[in-house]
Amino acid sequence: MNSGQNHPKASKMLYKPTSLVCSIVGGLLATAVFNRVWSALGHDEQAPNATALDHGSREVLFGAALHGAVFGLVKALVDRAGAKSYYRVTGDDPSQ
């Protein structure tokens, strides 16, 4: 069941909506995970913006680094799960 070899454009067009949904879900999940981790570390509910002068540089930079790490990890996990699920259902490798 590898229709992707016969119709690579059709396969990519089918994967795009799946990828979009995974991206939205991943963003929501990453936000929730980051907020929990940030709060668990004893900080305010949300990390300060880079322009928030009432917070120290360490807190701002740590928040930015943690935010990037959490979002990168969650994005990779969600994208990977979406690609594997798509492959299981269609037999097409979405990376091809």
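The values are calculated or read from the model by the stated rules, or taken from the named source; none is laboratory data. Everything numeric here is computed off the predicted structure, so don't read it as measured data. Neighbour counts run over all protein chains shown; Cβ positions are idealised from the backbone, glycine included.
Side notes on the structure shown:
- Residue in the stretch 80-94 that is surrounded by 12 or more Cβ atoms within 10 Å (Cβ to Cβ), of a type in the set (A, V, I, L, M, F, W, C) and under 14 Å from the mean Cα position of the chain (by Cα) present: yes
- Restricting attention to the stretch 1-30, the residues that are at pLDDT 85 or above and either touching a Leu at 6+ places or on another chain (Cβ under 9 Å) or in a loop (DSSP other than H, G, I, E, B) (or both) add up to 3.
- Of all residues making up the stretch 58-79, the number that are of a type in the set (Asp, Glu) and either buried (at least 17 other Cβ atoms within 10 Å of the Cβ) or closer than 20 Å to residue 12 by Cβ (or both): 1
- Within the stretch 43-79, being within 30 Å of residue 18 (Cβ to Cβ) and more than 17 Å from the chain's Cα centre (by Cα) holds for no residue.
- Being part of a helix (DSSP H, G or I) and among the polar types (S, T, N, Q) holds for only one residue in 95, 85, and it is 85.
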